[in-house]
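Here the structure is laid out as structure tokens; the discussion comes afterwards.
The values are calculated or read from the model by the stated rules, or taken from the named source; none is laboratory data. Keep in mind that what you see is a predicted model, and the values were worked out from it rather than measured. Cβ atoms come from the backbone with ideal geometry, glycine included; neighbour counts cover every protein chain shown.
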Amino acid sequence: MAINRDWQKSMQIKVDYNNMMAEFIGDEQGFTDKEISAAKKIADEAYKNVAANRGSGMMGWTELPYNQDEIVKDIIDTAKGIRKKFDNFVVLGIGGSALGPIAVFNALCHLRHNELPKKVRKAPKFYVEDNIDPERMDALFDILDLDKTMFNVITKSGATSETMSQYLIIIDKLKKKFGDKAGEHMIATTSAQKGNLIKIAKAEGFKTFYIPDGVGGRFSELSPVGLLSAAVLGIDIKAMLKGAAFMDKLCKAKDVKKNPALISALLQYLAMNKGKNISVMMPYADSLKYIADWYCQLWGESLGKAVDKDGNAVYAGQTPVKALGVTDQHSQIQLYREGPFDKVITIIAVENFRKETLISKGCEDFPDVSFLCGHTLSELINSERKATEYALTTAKRLNYTITLPEVNAFTIGELLYYFELETAYTGAMLNIDTFNQPGVEGGKNATYALFGRKGYEATKAEMENAPKKKSDYII
Ligand code: PA5
């Protein structure tokens, strides 16, 4: 793909926040220019905070578009080998080690990739195993030919019970089948220094990719976590990184009204202060359905925090909700339009779809049906999106629209980086630690205790002393 300056400009994603403004949804719910100007200091501080910390601490992800030349080369070479030799590529991971690969696969591969004949697919089938449901694991073995399968175990901590139990099950099967060649079917993506997986990988001689220390799970899609599977699937990972760098450049603007991630962050922050504690992510494209899943983790896990950086109890955050246009117009829009005034609805639009479908002529005797004839499905989906924006706006519901000129590797890189920056800015405005996840660790530790892991005896004792459930309350 020739990524010259003009083309990049034509692929710029746009944030339209008209429907967040009082002019359009009224003074009670909307914001005025005056309010945005009054909050300028908050935006400026957040901008400075992110600029000062980028590339350091847990903000290593900001540099991923720039510092991976060698790694990208290795990933592309490795992916070539995998594409030649294997029919299935299976990721074992959870949370930040799974949602990015799922989102990018669905956005950039054929929507029926795994069902296509091999000749058309031109890449292995792709599976991400991000749960430990025994039926699902069993079902996977019913469809996989192990001879033709490469696994990629991804865990930054190298300790996550779900991922490591999947690893144990699979490596056992591989060893039973391939003996000392089992390692040829397993790639590890993990921290270079910390955790068990790196030790195991070295001992077993697995090909290994590293997740940099300053890149947390939910900010890791543009690291080897996401790049390896994307390259295996034939996605142009260099274009993805270029898209991210392009968004980074746009967000260098200090003026909040010129910086897309900063204005979105400020509006979400102001909305939270007005009690809008739900953030709905509603793409109008099936290819972007799982971007909403990925966003939900990013937004929820980063901003949902009990205390701020000064130790004050804040119970911050907005509950992220995923919805799909137009499907959820027929399930959730009723609530969004008439229920509580507690939401900000983000709509993702696609200007040009990669494929077009014409609505066929027919039913001429039924004008209430035949009015559809001769139009295309992209006209219909985009008209329905505009209709939803209108319906929400007339009902005074905060909503804004992010438009992708088209879905491609470059615009997906832009979009991912935009949401990551928006999250970082919002966290800075809330004065919280955006990059930790003590709530997730709590659940992880309780699992270790229940399974008798060494070092978790105190948690086990604490859990055993917790009030016992009453049978009266179980019917
Ligand atoms: O964002 C995060 O840090 C978490 O959601 C992790 O990605 C998730 O818990 C999996 O952790 P790990 O990659 O260590 O297995």
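Residues that are surrounded by 11 or more Cβ atoms within 10 Å (Cβ to Cβ) and charged (D, E, K, R) within the stretch 134-146 comprise just one, ARG136.
When you go through (1) more than 12 Å from the ligand (Cβ to nearest atom); (2) within 30 Å of GLY57 (Cα to Cα); (3) assigned to a helix (DSSP H, G or I) one by one for GLU162, which number turns out not to apply? All conditions are met except number (1). Screening THR394, THR423 for residues that are touching a helix residue (DSSP H, G or I) at 6+ places or on another chain (Cβ under 6 Å) and of a type in the set (Val, Ile, Thr) leaves exactly one candidate, THR423. Any idea which of SER264, SER302, SER331 is under 25 Å from LEU99 (Cα atoms), among the small types (Gly, Ala, Ser) and within 16 Å of the ligand (Cβ to nearest atom)? Every option except SER302 fails the conditions. Counting only helices (runs of 4 or more DSSP H) that sit wholly inside the stretch 10-113, those with at least 1 residues that are within 30 Å of ASN131 (Cα to Cα) are 69-85, 99-108.
Set side by side, the residues ILE94, ILE75 differ, and just one is of a type in the set (A, V, I, L, M, F, W, C), within 30 Å of SER302 (Cβ to Cβ), within 16 Å of the ligand (Cβ to nearest atom) and buried (at least 19 other Cβ atoms within 10 Å of the Cβ), which is ILE94. Out of curiosity, is LEU288 surrounded by 23 or more Cβ atoms within 10 Å (Cβ to Cβ), out of contact with any Ser or Thr (no Cβ under 8 Å at 6 or more places or on another chain) and not basic (Lys, Arg)? The answer is yes for LEU288.
Determine, yes or no, whether LEU262 is assigned by TED's automatic domain parsing to the domain that holds ASP142 and assigned to a helix (DSSP H, G or I). Criteria not met by LEU262.
With respect to ALA349, determine if the residue is at pLDDT 95 or above, assigned by TED's automatic domain parsing to the domain that holds SER279 and assigned to a helix (DSSP H, G or I). No, not satisfied. For the stretch 147-159, the candidate set comprises residues that are crowded, with 17+ Cβ neighbours inside 10 Å and away from the ligand (no atom under 16 Å from the Cβ); within that set, the residue that is nearest to ALA446 (Cα to Cα) is MET150. For GLY55, indicate whether it is on the phi > 0 side of the Ramachandran plot, away from the ligand (no atom under 16 Å from the Cβ) and under 24 Å from the mean Cα position of the chain (by Cα). Spelling it out, GLY55 is indeed on the phi > 0 side of the Ramachandran plot, away from the ligand (no atom under 16 Å from the Cβ) and under 24 Å from the mean Cα position of the chain (by Cα). The residues on offer are LYS199, LYS254, LYS194, and the sole one that is of a type in the set (D, E, K, R), within 19 Å of LEU421 (Cα to Cα) and either within 16 Å of the ligand (Cβ to nearest atom) or assigned to a loop (DSSP other than H, G, I, E, B) (or both) is LYS254. Selection over the stretch 220-251 of residues that are away from the ligand (no atom under 16 Å from the Cβ) and not in a loop (DSSP other than H, G, I, E, B) gives a count of 17. Which of the residues belonging to the stretch 112-169 are under 21 Å from GLY95 (Cα atoms) and among the polar types (S, T, N, Q)? Scanning the stretch 112-169 gives ASN131, ASN152, THR155, SER157, THR160, SER161, THR163, SER165, GLN166.
Taking the stretch 383-475 and the helices (runs of 4 or more DSSP H) fully enclosed by it, the elements with 1 or more residues that are over 28 Å from MET59 (Cβ atoms), of a type outside the set (D, E, K, R) and more than 16 Å from the ligand (Cβ to nearest atom) are at 438-450, 457-464.
Do you know which residues across the stretch 202-219 are of a type outside the set (A, V, I, L, M), more than 10 Å from the ligand (Cβ to nearest atom) and in a helix (DSSP H, G or I)? Scanning the stretch 202-219 gives LYS202, GLU204.
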